[in-house]
Amino acid sequence: MNDILPPESARWEWLEEKVRNLMERFAYRNMRTPIVEPTALFVRGLGEVTDIVEKEMYSFEDKLNGEHLTLRPEATAGVVRAVVEHTMLYEGGKRLYYMGPMFRHEKPQRGRYRQFHQVGAEALGFPGAEVDAELILLANSLWEEIGLQNVELQLNSLGQPEERKAHRSALIAYLEQNVDALDEDARRRLYSNPLRILDTKNPAMQDLVNAAPRLFDFLGEASLKHFDTVKAILDANGVKWTMNPRLVRGMDYYNLTVFEFVTTQLGSQGTICGGGRYDYLIEEVGGKPAPAVGWALGAERVLELLKEQGSQVPALVPDVYAIVPDAGSLPQVIAALQKLRAAGVSVQMHTSSGEGMGSMKSQFKKADASGARFALVFGADELARGAVTVKSMRDGEGRQSEQSLDAIGTWAGTLKISG
């Protein structure tokens, strides 16, 4: 786990603001669920034979009442639980998004921590393939918005339960014929979750899984039509994609469309965003049957990839830095600064060291280091005239003018220095 400190935290705020603005344009609304949920929710929703449930969840017993609780390893199950609990689909489908910390006890890797942060979007109550495509377009629009490059979209379809059942039988039969080539993890999953064997990262098993029966070959007409609609919408919007028949995702709740955005710039763990359709999860957690689809991205990975690509994220700097030669003038100075803040201007004020305000030279050095566009000098002569000297710090010429304190808010609005 790690701390996120200034100035790094400014990059997070920048990304979060981009997400909020984009979600608003797609008409997705924010929701926030608890960090702690009943353990049974994740066991039931994610599947007992998954890496997350078997190896990665932070679960504990509440000593006050004996409840079995878990720090959320992902947010979809909690979102669905909240939707069911509050009967949110009673009036129709909902488009929702979230941002927040998740927890998994796994080996730390580049861009991955045991407390990590996800941004996710979920559309619940909509059966159409166009909503699958909408969510993929939403994620793709975010990459364009933040300038993320070298990201590949991979698609697959997991079909419906009866189609997976037929494929499962064929897959088990194939793996049984090659049981000597399976590693320990694959043997353990052979009968409990054979589909996950296809997602193995073991190099020694790649030829075996490449020759395994493909789930896509077991899909019926309705599943294929759903997938074709998704692809057609993406093609019409110029979104490039590749077919990955081994893409199965890590949770049991997926059906039909699944997808991942991947990169080769973060090592072997290159998925930065993934999701798909989960039409049976709402019923699984106790709600009335309803379709749903969604995705989640790893904020740390996205920010790490931006840094790797040399993308410049705007730094958070004040609009103005207030230089105060005399501590005795602080009441008058702060009243003027409050007017600026009320006008939407970001202000950093020089403060005393306990032995005075410091020299003008040292204050100007700090004003320059702050990154502020303007220095406001509240000298005794200016204050006596009810004015302040405004000096430009970024035009290369140090131009300065005098402004009335009474009209300082109007001056700030005229220059549009905020933002």
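The values are calculated or read from the model by the stated rules, or taken from the named source; none is laboratory data. Predicted, not measured: the structure shown is a model, and the values here were computed from it. Here Cβ is always computed from backbone atoms with ideal geometry, including for glycine, and neighbour counts include all displayed protein chains. Surface areas here come from the heavy atoms of the whole protein model, side chains and all, with no ligands, DNA or RNA. Shrake-Rupley method; radii C 1.70, N 1.55, O 1.52, S 1.80 Å.
With runs of 4+ DSSP H residues as the only contributors, calculate the mean residue ellipticity of the chain at 222 nm using -39,500 (n - 2.57) per run, divided by the residue total and rounded to the nearest 500. Mind showing how you got there, number by number?
Working: 14 runs with 149 residues, N = 419.
One gets -10500 deg cm²/dmol as the mean residue ellipticity at 222 nm.
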Have a look at L153, L15, L383 and tell me which one the Gaussian network model of the chain (Cα, springs below 10 Å) gives the largest fluctuation. L383
Can you give the angle from 0 to 90° between the axis of helix 360-370 and the longest principal axis of the chain, with both taken from C-alpha atoms, to the nearest 10? 20
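Using a 1.4 Å probe on the protein chains only, how many percent of the accessible area of the chain belongs to carbon and sulfur? All intermediate terms of the calculation are to be shown ahead of the outcome.
On the way: 10270 of 20560 Å².
Carbon and sulfur atoms account for 50 percent of the accessible area of the chain.
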So, taking all protein chains as they sit and a 1.4 Å probe, how much accessible area belongs to E8, in Å² rounded to tens? 60
Using the basic label-point model (7 angstrom from Cα toward the beta carbon), what is the E402 to V317 distance in nanometres? 2.8
In whole Hz, the Karplus estimates of ³J(HN,Hα) for segment 7-23 (6.51, -1.76, 1.60; θ = phi - 60°; x where Gly or Pro) are x, 4, 4, 5, 5, 5, 4, 4, 5, 4, 5, 4, 5, 4, 5, 5, 4
Links exceeding 23 Å between C-alpha atoms in this model, out of K366/K391; K18/K307; K55/K165, come to K55/K165
Please calculate how many Å² of accessible area the chain carries per residue, with a 1.4 Å probe and no DNA, RNA or ligand atoms counted. 49
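Expressed as a rounded percentage, what relative contact order does segment 105-216 have, with Cα pairs under 8 Å and six or more residues apart?
Value for segment 105-216: 24 percent.
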Sort M23, M88 from largest to smallest accessible area, using a 1.4 Å probe on the heavy atoms of the protein chains. M88, M23
Measure nothing fancy, just the Cα-based angle from helix 330-342's long axis to the longest principal axis of the chain, in degrees from 0 to 90, nearest 10. 40
Solvent-accessible area of H167, probe 1.4 Å, all protein chains present, reported in Å² to the nearest ten, please. 0
